[in-house]
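Below you'll find the structure, written out as structure tokens, and then a few comments.
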Amino acid sequence: MSVLNVEKPAFMAEEDIAIFEDAVGKFFDEHASEATVATWRKNHCVDRDMWTKAGEAGLLGLSTPEQYGGAGGDYRHEVVLMEQLGKKGVDGFGASLHNAIVMPYIVHYGTEEQKQRWLPRMATGELVSAIAMTEPGAGSDLQGIKTTAKKAGNQYVINGSKTFITNGQTANLIIVVAKTDPAGGARGTSLIFVETDGAEGFERGRNLDKLGQEAQDTSELFFNDVKVPTENLLGTDEGQGFFQLMSQLPQERLNIAVQGMATIERALELTIAYVKDRKAFGKAIIDFQNTQFVLAECKTEATVAKVFVNHCIGQHLEGKLDAATASMAKYWVSDLENKIVDRCLQLFGGYGFMNEYPIARMYKDSRIQRIYGGTNEIMKLLIARTL
């Protein structure tokens, strides 16, 4: 049980989930040691063979049906993976985006041919995926994208640029959000897959230098008359992209909340251990009332957030999680994550400012949580529409 002492909900306490959690933890202990992750941070990219190792271990396609090469699990298994990534400090491995964002688009909206063509290779790690939404001039405003996909016979010709794309240097299967009808507004947006191997006109830009998430490859992507077959349109009809995106965003935002809770719990565990061991003025830091009050507040707020996130997971498993509630989870937990990590860092004193200490890296890595998946300001707008 974690430092929060929050009892697991029944749906997360089943024996098979506990066995899976143990297996995931052991996998990361073996293949993502502290030294290995430090190398990833230095290279600004996870080793490519990490994907095939994860595929061999059955960690890719966790909630993808077995008939398409997946593990045949459900969102609970994705939660376990995300929690273990956070609790083990495995920076940069974009498996949750691959598993719980990109693959569900194909499962829910892809044709049978698309499912057979891509999902089995995604489950082995042969294909690494990304989703290219954000552009230099369009972030949360998805209707403002400029990338186009013009139909020419049995092909689409894609032109445009994307930025801040997670897995961008590694991915060889990319969902591109593009305008198939520039005058069609939301109904003019489509999702089109680009298989990058041998794709003429496709270019990867810089592996971007970021404040945090240093082990994660985050890239610019350029499309200059990139031709793909019309069968790479997600689904069968053009103009469904905006609907597809809006339908999947609640899960993406819940993912961010789950990841944030894992970081919060790890920050508290590391900090409590540190203040019990570290001494100042002749006594342990934990014995100072200020330390006790700070950590008491952090634990209380984290406990409330954990209960809410568990509720959201349960709602999502039942197909009842609405966009506003997912937005609440995303903005509330990411705000709290930044607040708690900052307060924990303060208790480390000068050591908390040193990159060799995990709390310093967590401080940097947490900041993006309030921005991607839709900024927290956008989350509040979505919630306000329900008032």
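The values are calculated or read from the model by the stated rules, or taken from the named source; none is laboratory data. In this text the structure is predicted, and so the values were computed from the model without any measurement. For neighbour counting, all protein chains shown are included, and Cβ atoms are generated from backbone atoms with ideal geometry for every residue, glycine included.
Residue check: Asp225 meets all listed conditions (1) in a strand (DSSP E or B); (2) closer than 30 Å to Ile313 by Cβ but one, namely (2).
Could we say that His44 is at pLDDT 95 or above, in contact with a strand residue (DSSP E or B) (Cβ under 9 Å, 6 or more places away or on another chain) and either surrounded by fewer than 18 Cβ atoms within 10 Å (Cβ to Cβ) or not hydrophobic (A, V, I, L, M, F, W, C) (or both) here?
On the way: at pLDDT 95 or above: yes; in contact with a strand residue (DSSP E or B) (Cβ under 9 Å, 6 or more places away or on another chain): yes; either surrounded by fewer than 18 Cβ atoms within 10 Å (Cβ to Cβ) or not hydrophobic (A, V, I, L, M, F, W, C) (or both): yes.
Answer is yes for this residue.
Surrounded by fewer than 20 Cβ atoms within 10 Å (Cβ to Cβ) and touching a His at 6+ places or on another chain (Cβ under 8 Å) - does that describe any residue in region 18-39? No, every residue in region 18-39 fails to be surrounded by fewer than 20 Cβ atoms within 10 Å (Cβ to Cβ) and touching a His at 6+ places or on another chain (Cβ under 8 Å). When we screen Gln292, Gln216 for residues that are surrounded by fewer than 22 Cβ atoms within 10 Å (Cβ to Cβ) and not aromatic (Phe, Trp, Tyr), the only hit is Gln292.
Residues checked against (1) surrounded by fewer than 14 Cβ atoms within 10 Å (Cβ to Cβ); (2) at pLDDT below 95; (3) among the β-branched types (Val, Ile, Thr):
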site	(1), (2), (3)
Glu113	yes, no, no
Arg121	no, no, no
Ile131	no, no, yes
Gly137	yes, yes, no
Ala152	yes, no, no
Ser161	no, no, no
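Each row is one residue, and each column tells you yes or no for (1) modelled with pLDDT of 95 or more; (2) touching a Ser or Thr at 6+ places or on another chain (Cβ under 8 Å); (3) assigned to a strand (DSSP E or B); (4) closer than 17 Å to Gly92 by Cα.
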{"site": "Gln143", "(1), (2), (3), (4)": "no, yes, no, no"}
{"site": "Phe164", "(1), (2), (3), (4)": "yes, yes, yes, yes"}
{"site": "Glu200", "(1), (2), (3), (4)": "yes, no, no, no"}
{"site": "Gly212", "(1), (2), (3), (4)": "yes, yes, no, yes"}
{"site": "Gln216", "(1), (2), (3), (4)": "yes, yes, no, yes"}
{"site": "Leu221", "(1), (2), (3), (4)": "yes, yes, yes, no"}
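Set side by side, the residues Gly92, Gly110 differ, and just one is on the phi > 0 side of the Ramachandran plot and not aromatic (Phe, Trp, Tyr), which is Gly92. When region 273-301 is filtered for residues that are in contact (Cβ under 8 Å) with a residue 60 or more places away in the chain and of a type outside the set (Lys, Arg), the ones remaining, listed by number, are Tyr274, Val275, Ile285. For Gly374, indicate whether it is under 16 Å from the mean Cα position of the chain (by Cα) and either of a type in the set (D, E, K, R) or farther than 21 Å from Glu301 by Cβ (or both). Taking the combined requirement at face value, the residue satisfies it.
For Asp335, the conditions (1) within 17 Å of the chain's Cα centre (by Cα); (2) surrounded by fewer than 19 Cβ atoms within 10 Å (Cβ to Cβ); (3) in a loop (DSSP other than H, G, I, E, B) all hold with the exception of (3). In region 15-37, which residue that is touching a residue at least 12 places away in the same chain (Cβ under 8 Å), of a type in the set (Asp, Glu) and out of contact with any helix residue (DSSP H, G or I) (no Cβ under 6 Å at 6 or more places or on another chain) is nearest to Gly92 (Cα to Cα)? Taking the candidates together, the pick is Glu34. Remark: Val194 falls outside the filter, which requires a residue to be out of contact with any helix residue (DSSP H, G or I) (no Cβ under 9 Å at 6 or more places or on another chain) and either more than 25 Å from Met362 (Cα to Cα) or of a type in the set (Asp, Glu) (or both).
For region 113-141, enumerate the residues that are of a type outside the set (Gly, Ala, Ser) and assigned to a loop (DSSP other than H, G, I, E, B). Let's see the steps before the verdict.
Looking only at region 113-141, we keep the residues that are of a type outside the set (Gly, Ala, Ser), and these are 113-122, 124, 126-128, 131, 133-136, 141.
Listed by number, the residues that qualify are Glu126, Leu127, Val128, Met133, Thr134, Pro136, Asp141.
Of the residues making up region 236-247, not a single one is surrounded by 15 or more Cβ atoms within 10 Å (Cβ to Cβ), among the charged types (D, E, K, R) and closer than 23 Å to Tyr372 by Cα. Just one residue in the set Gly212, Gly201, Gly184, Gly205 is farther than 30 Å from Asn43 by Cβ and not aromatic (Phe, Trp, Tyr); that residue is Gly184.
Identify the residue in region 1-16 that is surrounded by fewer than 17 Cβ atoms within 10 Å (Cβ to Cβ) and of a type outside the set (Asp, Glu) and, among all such residues, is nearest to Gly72 (Cα to Cα). Spell out the reasoning first.
If we filter region 1-16 for residues that are surrounded by fewer than 17 Cβ atoms within 10 Å (Cβ to Cβ), which is where we start, we get 1, 5, 7-11, 13-16.
Remaining after also requiring of a type outside the set (Asp, Glu): 1, 5, 8-11, 13.
On the way: Met1: 27, Asn5: 30, Lys8: 22, Pro9: 21, Ala10: 20, Phe11: 16, Ala13: 19 Å.
Per the stated criteria, the residue is Phe11.
Residue count for region 279-320 under the criterion of being in contact with a Phe, Trp or Tyr (Cβ under 9 Å, 6 or more places away or on another chain) and among the acidic types (Asp, Glu): the result is 0.
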